[in-house]
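The values are calculated or read from the model by the stated rules, or taken from the named source; none is laboratory data. These numbers were taken from a predicted model, which means no experiment stands behind them. FYI the Cβ positions are ideal-geometry reconstructions off the backbone, even for glycines, and counts take in every protein chain you see. Just so you know, the surface numbers come from the protein's heavy atoms only, side chains and all, with ligands and any DNA or RNA stripped out. Shrake-Rupley method; radii C 1.70, N 1.55, O 1.52, S 1.80 Å.
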Amino acid sequence: MTKIERNERLIRLCLLVVAFSAISVLAVITIFIFEQGTPIMFKYGFKNFLLGQDWYPSEKSFGLFPMIVGSLMVTLGALIIGVPLGLASAIFLTEFSNRRLARILKPFIELLAGIPSVVYGFIGLMFLIPFIRENLGGPGLSVLASSIILGVMILPTVTSIAIDSIRAVPDSFREGSIALGATKWQTVKMVILPAARSGIVAGVVLGMGRAIGETMAVIMVAGNAAAIPDSILAPVRTLTSNIALEMAYASGEHRQALFATGVILFVIIMILNTIANLTSARQKKR
Amino acid sequence: MIGTVKNIIEVKNLYVYYAKFQALKGINLNIQANCISALIGPSGCGKSTFLRALNRMNDLIEGARTEGQVYFDGKNIYHPDTDLLTLRRRVGMVFQRPNPFPLSIEDNVTYGLKVHGLTARNFLEERLYRSLQAVNLWEELKDRLDENALKLTGEQQQRLCIARLLALEPEVVLMDEPCSALDPMATGRIEDLMYELKKDYTIVIVTHNMQQAARVSDYTGYFLLGDLVEFGETNQIFTSPQDKRTEDYITGRFG
Ligand SMILES: Nc1ncnc2c1ncn2[C@@H]1O[C@H](COP(=O)(O)OP(=O)(O)OP(=O)(O)O)[C@@H](O)[C@H]1O
Ligand SMILES: [Mg+2]
């Protein structure tokens, strides 16, 4: 074995150790959550946890259904608001604005991703909540407010990843389309977006992950009532808020039930990611 | 050439600038209908620039500016009232590197029709069949029409790009080194195809390959440093060029 070969081996070994320890930390966290959260689900029954409507931990009633619905509602709402806006800004900046404007604006958009979520929550509390309360009714703290705040929060992620994937589409596609007499918008709609789709979907999945996992900003604007919201103007509590609001004082089975909430959140995120990846893979194959 | 001569394109005093750089210096040239005209010349002499001026593709390049007139079918395409979408539909372009869209084979061929608002199913199917037939791809691909076009070989991709143009029934087909990414066998077959297409279309081809120009074209133009040095019947250009510079180039004594 030459010296170079020995060196290569050593480097490989080091990388392996580093990669393995990073992955094992994640594995340990996952195992810990499941280990803490699943026993109580067995004890009271999965069905009661998933479909139970009442969350009264002191009375041993651990229904998480309102929070599951709440998380899904605000995440969906965030996507409905954030994805079209993000995609539209990405398309505008890459295809329709002049290059200088795009160069100035893109770092600005990426900067938005770095603003701490408590700031978003605070702004929501100061301006959005009173606005909704006075103009649309209800307490203001609501599904709508959470969706808007989360939608704005995922905007930078969706936009900047969409910009990158649209930029990665070769110019030869654009030329080919324009040379056939297509307009710019037709080119974007029929060639550029399909070509950039898998990147765009990846951005949406990341944004979705951020929306469903976001806690602080949501707690500040959601109202946090543990009941299924009957309109988008009603308060809502998400799975993450449920954990964060009660962890500080929970003990015993209550505490375990909060870990169970974490398990359910974990599983939901896995399912959503898988669905998103499968649909984009299937569409790509066609 | 037998019969009446019709100039489908007449270029008058064409100048093209990239920012301050003068890429074309007053080109005058007529292109005859139903002929193949070849443009040859060393790298960077402005062949592609000229070709792209004929369907205003240079408009896409930031900083490019054009002066002079290009009459297509009697009308100056640089007149402000020109409908660019229709112009590009009538004067189509095939690129150096095959650039099919990352869509199905069928969607590639029908793309141009759809963007021009032609969506009747029967019509699309009929054009799909006819265009793929015309480029000899129908038999090969008729069972794979919904497969992604990027899976095809380079030659098939280039044929598909030609089919995608023919679906629009253009009058002029501009080809910028259409064979440079293909092997010699495939090149020969694309040349045969051009020969067949000549019946119905006017073809202008840029090529680096002088044998190719000699083989396929009726007329040849020699570009040098943004000037059109000589333009004439291919036979004459290759056997008795009028200009010393043309002679040097085609006999390989260039530079
Ligand atoms: N987008 C552009 N911006 C600035 N200069 C350009 C641009 N495109 C071409 N040029 C310049 O214009 C001149 C002519 O270019 P053109 O591409 O027309 O040459 P060509 O004859 O097609 O060359 P080749 O045989 O290498 O394809 C070259 O000097 C080139 O550097
Ligand atoms: Mg060129």
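Structure above, values below:
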item: At most 10 other Cβ within 10 Å, DSSP loop - trypsin sites (Lys or Arg not before Pro), segment B:1-102; result: B:LYS20
item: nm² value of the averaged projected area, convex hull over the Cα atoms of segment A:144-286; result: 10.9
item: Top of B:LEU60, B:LEU193, B:LEU128 by mean-square fluctuation, Gaussian network on chain B, Cα under 10 Å; result: B:LEU60
item: Cα long-axis angle, helix B:105-115 against chain B (0 to 90 degrees, to the nearest 10); result: 70
item: Segment A:115-219 shape via C-alpha gyration tensor axes, a/c threshold 1.5; result: prolate
item: Kirkwood Rh in Å, taken over segment B:7-250 so that all alpha-carbon pairs contribute; result: 18.5
item: Under the Debye formula (equal points on every Cα, no solvent term), log10 I(q)/I(0) of chain A at q = 0.13 Å⁻¹; result: -0.99
item: Dipole axis of the protein assembly as shown (+1 Lys, Arg; -1 Asp, Glu on Cβ), positive-most option in A:GLY137, A:VAL169, B:TYR129; result: A:GLY137
item: Å³ per residue enclosed by the Cα convex hull of the protein assembly as shown; result: 250
item: Gaussian network model of chain B, springs between alpha carbon atoms under 10 Å - residue of B:THR86, B:THR202, B:THR187 with greatest fluctuation; result: B:THR86
item: Net charge dipole size for segment A:168-240 [Lys, Arg +1 and Asp, Glu -1 on Cβ; Debye, nearest 20]; result: 100
item: For segment A:186-282: accessible area per residue (Å², 1.4 Å); result: 40
item: For segment B:7-250, size of Cβ-based charge dipole, Lys and Arg +1, Asp and Glu -1, in debye; result: 460
item: Chymotrypsin sites (Phe, Trp or Tyr not before Pro) restricted to DSSP loop in segment A:200-286 with at most 12 other C-beta within 10 Å; result: A:TYR249
item: Kyte-Doolittle mean at least 0.0 and Cα axial length at least 27 Å: DSSP H helices in chain A; result: A:3-44, A:65-91, A:143-167, A:193-213, A:252-285
item: Rounded percent of accessible protein surface that carbon and sulfur make up, the protein assembly as shown, 1.4 Å probe; result: 60
item: GNM result for chain A, Cα springs below 10 Å: residue of A:LEU26, A:LEU105, A:LEU206 fluctuating most strongly; result: A:LEU26
item: With Cα atoms, 0 to 90° folded angle of helix B:121-134 axis to chain B main axis; result: 50
item: Electrostatic dipole magnitude of the protein assembly as shown [Cβ: Lys, Arg +1; Asp, Glu -1; Cα centre; debye, to 20]; result: 740
